[in-house]
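Have a look at the structure below before the remarks.
The values are calculated or read from the model by the stated rules, or taken from the named source; none is laboratory data. What you are looking at is a predicted structure, and each value in this text was computed from that prediction instead of being measured. Cβ atoms come from the backbone with ideal geometry, glycine included; neighbour counts cover every protein chain shown. The area values use the complete protein model at the heavy-atom level, side chains included, leaving out ligands, DNA and RNA. Shrake-Rupley method; radii C 1.70, N 1.55, O 1.52, S 1.80 Å.
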Amino acid sequence: MLYEINEKALKLESEGKKIIRLNLGDPDMATPPEIVEASYASMKAGKTKYASSYGEMRLRQKIAEIHGVKAENIVITPGSKWGIFASMFLMLKNGGNVIIPTPYWTAYDLIAKTLGVKTKLLRTEMENDWKVDPNQLENLIDADTKMIILNNPNNPTSKAMDTKTLDGIVEVANKKGITVLSDEVYGAISFNPTKSILDYGTDSPHILSNGFSKTFTMTGWRIGYLIANKLFIDNITKLNQITINNVPVFIQDAALKGLELQAQIAGNIKAKYKQRADLASKKLSAAGFKFTQPDAPFYVFPKRDGLDGEKFTLNLLDRGVAVAPGTSFGDYREHFRISLTAPDDQIETALDKICEVTN
């Protein structure tokens, strides 16, 4: 229902209704001007031709430096979503199943369905801090299981996985010979340090997916990357060659500028969204909602016992606020997701309306 809500919000806006958009993780902050200028300079320099399907070496080397890996372990993709799709396509095109802890980002399940792949959902609960139980994970694995998808920190809960839990998941995956695809697009802007799948080595079969959309407010630029063992990176590159060929070099040059300024840019975005998360937590707590404190931007995933999240979401949209129902992320009817990606004054107004609707 995530995309249906978005379409309805767009329709209402086209009819002249003012909608505060807290339904999508699209940061309201502008792309930093240094990044825009770097792209412009690259275009003026004529970098508008075909290029390597691996990605530009300077960008790959910078990413390698940041993550402590080799450039040969990196391929540039048109957004992290393509990297996830490409990884799932290569590993699951001949059949099998994938395990996804819930709540999850909607695209994982939709990609699996598009590929004709069975999804096995591993439910987690707010009351248990959204922790994955490695024993339950192992019990879900069968002879056809080829992949486990993690989102760390998580969308929609903004919860980061603790070290013990991640260690347990990787131990099970290694024992069973299964690849972990770890989507860490919120990792660089997590409020606290978060353990990465890369901490277990790039010689493993595990894959990291990351991108520039969230950290650098570059959602529309469509650039991301995968880090994995060289054989897998070579295979993704072959897929790039017969599909997208390459991310435009002027976009890669813009991303490189972002990485050069990452400490400053990530620091600014973390500070802004921590302030918003604190405001949301204060108002939602006062209104009686239950939720886990966000470990990262941009989301809060509140719950109220007995709430019909879909009905609530539609009623709230009629009052000028768009949020996403919990059923978009799994079987969480009593939940809804707030995306804190609007100007501060709009967020405060929207939070007040959210609290009013349920009082």
| field | Residue with peak Gaussian network fluctuation, the chain [Cα springs, cutoff 10 Å], from 162, 183, 345 | value | 345
| field | Under Karplus coefficients 6.51, -1.76 and 1.60, residue-wise ³J(HN,Hα) of region 317-333 in Hz, glycine/proline x | value | 5, 5, 8, x, 10, 9, 10, 10, x, x, 5, 6, 10, x, 8, 10, 5
| request: Taking the Cα centre of the chain as origin, sum charge times position over the Cβ atoms of Lys and Arg (+1) and Asp and Glu (-1), and report the length of that vector in debye to the nearest 20. | output: 600
| remark: Partner lysines whose C-alpha sits under 23 Å from that of residue 159, ignoring same-chain residues fewer than 8 away, are 81, 120, 131, 195, 214, 270, 272, 274, 282, 283, 290, 303
| said: Give me, ordered by chain and number, the residues 5 or more places off residue 186 or on other chains with an amide H under 5 Å from its own placed amide H. | reply: none
| field | Among 153, 327, 98 - extreme Cα towards positive end, dipole of the chain, charges at beta-carbon | value | 98
| note | Computed ³J(HN,Hα) along region 52-61: with the Karplus parameters 6.51/-1.76/1.60, θ = phi - 60°, integer Hz and x for glycine or proline, the list is 4, 6, 6, x, 5, 4, 4, 5, 5, 5
| Looking at 43, 300, 312, which one has the Cα that reaches farthest to the positive end of the dipole of the chain (charges on Cβ: Lys, Arg +1; Asp, Glu -1)? | 43
| task | Provide the packing ranking of 44-55, 74-85, i.e. peptides ordered by the mean count of other C-beta atoms within 10 Å per residue, highest first. | result | 74-85, 44-55
| query | Can you pull the accessible area of residue 3 for me, 1.4 Å probe, Å² to the nearest 10? | reply | 100
| task | Would you calculate, for the chain, the mean residue ellipticity at 222 nm contributed by helices, counting each DSSP H stretch of 4 or more residues as -39,500 (n - 2.57) and dividing by all residues, to the nearest 500? | result | -13500 deg cm²/dmol
| note | Output ordering of 95-101, 297-303, 31-37 (per-residue mean of other Cβ within 10 Å, highest first) is 297-303, 95-101, 31-37
| task | Determine the shape class of region 20-159: with a ≥ b ≥ c the square roots of the Cα gyration tensor eigenvalues, call it rounded for a/c under 1.5, and otherwise prolate if a/b is greater than b/c, oblate otherwise. | result | prolate
| task | Might you report the magnitude of the Cβ-based charge dipole of region 158-295 about its Cα centre, with Lys and Arg at +1 and Asp and Glu at -1, to the nearest 20 debye? | result | 580
| task | Mind ranking 348-355, 322-329 by how tightly packed they are, going by the mean number of other C-beta atoms within 10 angstrom, highest first? | result | 322-329, 348-355
| field | Fluctuation leader among 151, 235, 73 - the chain, Gaussian network, Cα springs under 10 angstrom | value | 235
| message | Output wanted: per-residue J couplings in Hz (rounded whole) for region 269-286, from phi through Karplus 6.51 cos²θ - 1.76 cosθ + 1.60, θ = phi - 60°, x for Gly and Pro. | response | 5, 5, 4, 5, 6, 5, 4, 5, 4, 5, 5, 4, 4, 5, 5, 5, 4, 5
| query | With all protein chains present, how much of the accessible area of the chain (probe radius 1.4 Å) comes from carbon and sulfur, to the nearest whole percent? | reply | 50
| Taking H as built 1.01 Å from N, whose amide H comes closer than 5 Å to the amide H of residue 160, not counting residues under 5 places away? | 154, 295
| request: Subtract the Cα-Cα distance of residue 90 and residue 13 from 0.36 nm times their separation in residues, and report this length gain in nm to one decimal. | output: 23.8 nm
| task | Run the quick spin-label model on residue 44 and residue 26: label points 7 Å from Cα toward the beta carbon, then report their separation in nm to one decimal. | result | 2.9
| For region 203-275, what relative contact order do you get, as a whole percent, if you take Cα pairs closer than 8 Å and at least 6 residues apart? | 29
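Send over a whole-number figure in Å² for the accessible area per residue of the chain, probe 1.4 Å.
Accessible area per residue: 42 Å².
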| remark: Given backbone amide H placed at 1.01 Å from N, residues whose amide H is under 5 Å from that of residue 120, ignoring those fewer than 5 places away on the same chain, are 98, 99, 100
